[in-house]
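Student: Below you will find the structure I want to go over with you.
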Amino acid sequence: MDDNQSRTAVIEDGRTPSTRTVDVLVVGAGFAGLYAVYKFRQLGFTVRAFEAGEAIGGTWYWNRYPGARCDVPSLEYSYSFSPELEQEWEWSEFFPAQDEIERYLNYVADRFDLRRDVQLCTTVVGMSFDECAKTWHVDTDLDDKWEARFVVMATGCLSVPVVPKLEGMSSFEGKVIQTSRWPSDVDLDGARIALVGTGSSGVQITPELAQIAKHLYVFQRSAAFSWPSKNAPMDPAIQAAVKQQYRDVRLAQRSSPGGVSGFGGVPILDVPRPDKRILAASENELLDALDEYGFGACRVWDDVASDPQANERAVELYRQMVHRVVTNTDTAESLSPRGYPIGCKRPVLDNGYFQAFNRDNVTLIDLRLEPIERVTKAGIQTSARHIEIDVLVLATGFDAMTGALTRVDIRGPNGQKLRDELREGCIALLGLQFSGYPNLFTITGPGSPSVLSNMVPGIEHHIEWISECLVYLRERGLKSIESTATAQNEWAEEVQRAAIGTMYVADTCNSWYLGANIPGKKRVFLPYIGGFGRYVTVCQEVVDGGYAGFRTS
Ligand code: FAD
Ligand code: NAP
């Protein structure tokens, strides 16, 4: 393997002057891509990262909508690879806002001199594997040609937005803005705003838009389960204590189910561990729980996660809490989730979401009662009325986990297309590698805990696993590694098996974890729910077994 600078191959006809070569080509420059550049470079590999955006940061560059915020404590949602970095960086809040995380990632890029190996404004559009040379040929939208022995797709689980096909949208004369492509220079003060979507992004942006809009209309298809975040300014004593024991914190993260040690502060819900059965509880006990724990009252029972009847009783408790907070009865009823269980979709943490609907300038439009007929020049026509607006905000989600992979034309040695296999619900071995695509790795790919856990430790773990693998190959003079079809199929079965009995795969559950938000996407539970700690152990066992389930040559 070359420890070289980029090589320039002059092509005879002189039209396309360059095919450049690196050991590892990384796609994406968010948390994953940046750490990949650091790690592979540190191990002596030449590396180049391509990022479609105009700046680094990934999620935290694109999603700069008002209210965008992390729901994992900052002290835990951070890199562990540099003890110096851990000590230097000071977090200002328990749950950091988008701008603070973006600043952090820019600090990291400068601190470790990463920018020189990151090429911005460049989208990787296709790649094909040359079996003889054991090399990927990679094309970008700039007509650049690159060759790399290894490609690492650090393309993100939630990086490809879904734009709904609303009739008449192109005729709208106002602004259309997606939360996941929020411009840095937009001023919405005093505007009449329609917001479509009430998942995590919609819930976060609602109270912020409510404060600046002349009027905010929230168009809701499904009511969300959301809990107050109880965010607060960082307690310096907790920050200092965590910094003192960061090695223990990081170890605890890697053996925990969700990649969170619990040392990072802010007990999210302030509720005791579930230890009672809701189906055995009296009406008085339920009311006491509501009085004591508010929205958290539905989470103190241990039968809710597995028993649909218990779950429905907990949902009813949740609805009662919505009615306690939201003063207009019809609005409260519409904001009360129905038709799917708690624990099916990703839980949302909010900062005053339900309270926002008590303002005079906020109106909920329940699309179950009043569907959108079309977008007009000046607003939105529902089945009941025409609503004039200046701005349409779309918080309508992502083609999650596989969207960024299917957007690239990835072809294996026989010309087969990865996007065709993903359409069939293909899951990568350990979420790291697809059979038939040697030397191509996915960070937090389908089949890994990824979106079900704190993603930063998950990302670091993947990059470290891949780095160790590349060093293993280099030391043995091996040129390629590929997961076997048998091992991949077995893992895919394990991923589905692990989800059985959970609300994530209940008959009434339609979530992006299952691809249900994308028409035509096969219904497959994409992340591994067996727990991050257990997953780390399985990955280590594979390494200890000489990369069991992988073929090297
Ligand atoms: P990303 O940050 O998504 O970066 C991927 C990058 O790859 C993007 O910049 C994209 O432009 C680029 N890219 C994709 N395809 C190509 C291509 N073909 N060519 C070139 N570039 C390409 N996770 C948590 O654990 N806790 C949270 O609280 C949390 N909050 C979130 C809030 C929001 C609004 C969103 C959208 C996600 C959140 N997540 C959260 C998940 C978050 O995506 C991860 O935590 C993490 O930031 C992912 O980092 P990444 O580098 O893997 O991917
Ligand atoms: P999402 O959870 O998929 O929510 C999308 C919303 O848009 C849903 O309410 C959906 O309704 C609605 N929608 C989609 N198409 C629609 C249409 N045609 N008409 C009307 N409504 C439509 O997407 P998201 O809110 O961007 O969040 C995605 C994930 O990103 C989260 O689950 C989380 O992992 C991450 N995230 C985290 C945070 C955080 O707090 N840290 C913040 C933002 C995002 P249905 O439910 O009916 O489909």
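Student: Give the whole-number value, in cubic angstrom per residue, of the convex hull volume spanned by the C-alpha atoms of segment 426-553.
Tutor: 102 Å³
Student: Still on this structure: Report the FRET efficiency, 1/(1 + (r/R0)^6), for residue 137 and residue 111, where r is their Cβ-Cβ distance and R0 is 35 Å, rounded to 0.05.
Tutor: So the FRET efficiency works out to roughly 0.55.
Student: Using Cβ-Cβ distances only, list the Cys residues of the chain with no partner cysteine under 4.7 Å, sorted by number.
Tutor: Result for the chain is 70, 121, 132, 157, 298, 426, 469, 539, no neighbouring Cys Cβ within the cutoff.
Student: Which residues in segment 442-459 have a backbone N closer than 11 Å to a point placed 7 Å from the Cα of residue 423 along the Cα-to-Cβ line?
Tutor: Output list for this probe position: empty.
Student: Also: Lysines within cross-link reach of residue 214: Cα-Cα under 17 Å, excluding same-chain residues under 8 positions apart?
Tutor: 175
Student: While we're looking at this one, here's another question. Could you give the angle, 0 to 90 degrees to the nearest 10, between helix 532-544's Cα long axis and the longest principal axis of the Cα atoms of the chain?
Tutor: Between the helix axis and the principal axis of the chain, the angle is about 10 degrees.
Student: May I pose another question? With +1 on each Lys and Arg Cβ and -1 on each Asp and Glu Cβ, and nothing else charged, work out how big the dipole of segment 37-124 is about its Cα centre, in Debye to the nearest 20.
Tutor: It comes to approximately 440 debye.
Student: How would you rank 226-236, 94-104, highest first, on the average number of other Cβ atoms within 10 Å across their residues?
Tutor: 94-104, 226-236
Student: What pairs from 39/521; 230/377; 345/377; 243/345; 276/345; 39/145 go past 29 Å between their alpha carbons?
Tutor: Checking Cα-Cα distances, 39/521; 230/377; 345/377; 243/345 exceed 29 Å.
Student: Here's another thing I want to ask about it. Which distance in nm do the two modelled labels at residue 384 and residue 543 give, with both placed 7 Å along the Cα-to-Cβ direction?
Tutor: 5.8 nm
Student: So what J values fall out for segment 86-91 if you push phi through Karplus, 6.51 cos²θ - 1.76 cosθ + 1.60 with θ = phi - 60°, rounded to Hz, Gly and Pro as x?
Tutor: With coefficients 6.51, -1.76 and 1.60, one gets 4, 7, 6, 7, 10, 8 Hz.
Student: Same structure, new question: Within straight cross-link reach of residue 134, meaning Cα distance under 16 Å, which aspartates and glutamates are found once same-chain residues fewer than 8 apart are removed?
Tutor: 2, 23, 147, 482
Student: Here is a further query. How would you rank 257-265, 400-408, highest first, on the average number of other Cβ atoms within 10 Å across their residues?
Tutor: The most tightly packed comes first, giving 400-408, 257-265.
Student: With +1 assigned to the C-beta of every Lys and Arg and -1 to the C-beta of every Asp and Glu, and no other charges, what is the dipole magnitude of segment 414-553 about the Cα centre in debye, to the nearest 20?
Tutor: 400 debye
Student: Something else about it: In the chain, if the dipole is taken from +1 on Lys/Arg beta carbons and -1 on Asp/Glu beta carbons about the Cα centre, which of 340, 38, 259 is farthest to the positive end?
Tutor: Of the listed residues, the answer is 340.
Student: Over the chain, calculate the relative contact order: mean separation of alpha carbon pairs under 8 Å at least 6 apart, over the residue count, as a percent.
Tutor: RCO, the chain: 18 percent.
Student: In whole angstrom, how far apart do the alpha carbon centroids of segment 37-95 and segment 133-152 sit?
Tutor: Between the Cα centre of segment 37-95 and that of segment 133-152, the gap is 25 Å.
Quick note: the coordinates plus some simple rules give every number you see, no bench work behind them. In this text the structure is predicted, and so the values were computed from the model without any measurement. Please note: Cβ atoms are built from the backbone with ideal geometry, for glycine as well, and neighbour counts cover all protein chains shown.
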